[in-house]
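All remarks here apply to the structure that follows.
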Amino acid sequence: MLPCLNEAAALPELLARMPAGYRAIVADNGSTDGSPEVARSFGAHVVEVAQRGYGAAVHAGLLAADPVDGVVCVMDADGSFDPAQLPRLADPVRAGDVDLACGRRRPTGVGAWPLHARLGNAVLARRIRRETGVAVHDIAPIRAARRDALLGLGLRDRRFGYPLELLLAAARDDWRIAELDVAYHPRAAGTRSKVTGTVRGTLRAVADMRAVLAR
C-alpha cells in the first residue's frame, strides 16, 4: 500500500521495482500531478481517497487490499524506500514469527533524512519505549502486518498521527513487534516531503501526534 500525494516523479521506478508476487495499491490523496494515471500505467491498483490525510490514505488502501492475501505492507511512495526490502518485513509476519515488522530508517546519504525530522522521530520513539516497553527506534514509515489484525486495532487517526497510534495500539494489545534496519534514500527528484518539506507540514504532523498521545 502506497499512500500518495503528488508522487508522479517517484512512482515509475518505485513500481518497476516491486517484488514478484506483490500487488501495488496506490491510495491517492488528491494528487494534481497525474500520479493516478502514472500508477495505473504500471499496473497498480489505484484507490481515490477523498478524505485528506496520511491515515485516511493508508486506511483506504487497507480496505482495498485482498483479504485472501493476508499480509499487507505499507511504504511511502516518494522513492525513499526500495520495494526490494519488503520481503524482509513481510516474511516474518507471514511465517507467524511476529505480528508487526517495522523498518528502522538507516540514511544512505546526508540529504536523506533532515536533522530536525530525525530528532523529532527520536523523541517520539523514546517516549514509546518508555511508556510501552517496546524496543522501537522509529515510527515505522515502512511496515508489514496482517490485514485483519490491523483492522482489528480500530485505529481512528486519519492524519499524520496514524503510525504513532498504530505502534501504541499494537503494544497495548501485546503484539510481537520486530524492528529491522532498512535503507533510507533521498526522495526522488521533483518530490517534496509533506511533513519535513515545509514548516507548515512539520507543525501539522507534530499537532497530529500530540493529539494521539493525549488520547
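Any read-out appearing in this document is the output of simple, stated calculations on the displayed coordinates, not a laboratory observation. Keep in mind it's a predicted model, so treat the numbers as computed, not measured. Glycine also receives a Cβ, built like all others from the backbone with ideal geometry; neighbour counts cover every protein chain displayed.
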Rounded to the nearest 500 deg cm²/dmol, what is the calculated helix-only ellipticity per residue at 222 nm for the chain, with -39500 (n - 2.57) per DSSP H run of length n ≥ 4? -11500 deg cm²/dmol
Dipole magnitude of the chain about its Cα centre, charges +1 at Lys/Arg Cβ and -1 at Asp/Glu Cβ only, in debye to the nearest 20? 780
Count charges around residue 93 for me, please; just the other residues with Cβ under 9 Å from its Cβ, Lys/Arg as +1, Asp/Glu as -1. -1
Show me the helices of the chain, taken as full DSSP H stretches, that run 27 Å or more along their long axis by Cα and average -0.5 or above in Kyte-Doolittle hydropathy. none
Segment residue 106-residue 118, length gained on full extension (0.36 nm per residue, minus Cα span): 3.3 nm
Which whole-number percent is the relative contact order of region 2-214 (Cα, under 8 Å, 6+ apart)? 25
Whole-Hz Karplus ³J(HN,Hα) for region 98-106, in order, using 6.51 cos²θ - 1.76 cosθ + 1.60 and θ = phi - 60°, x for Gly and Pro? 9, 9, 9, 10, 10, x, 9, 5, 10
Lys/Arg Cβ at +1, Asp/Glu Cβ at -1, dipole of region 1-145 taken about the Cα centre: which of 36, 95, 108 is farthest positive-ward? 108
Built amide H within the under 5 Å cut-off of residue 31, gap 5+: 6
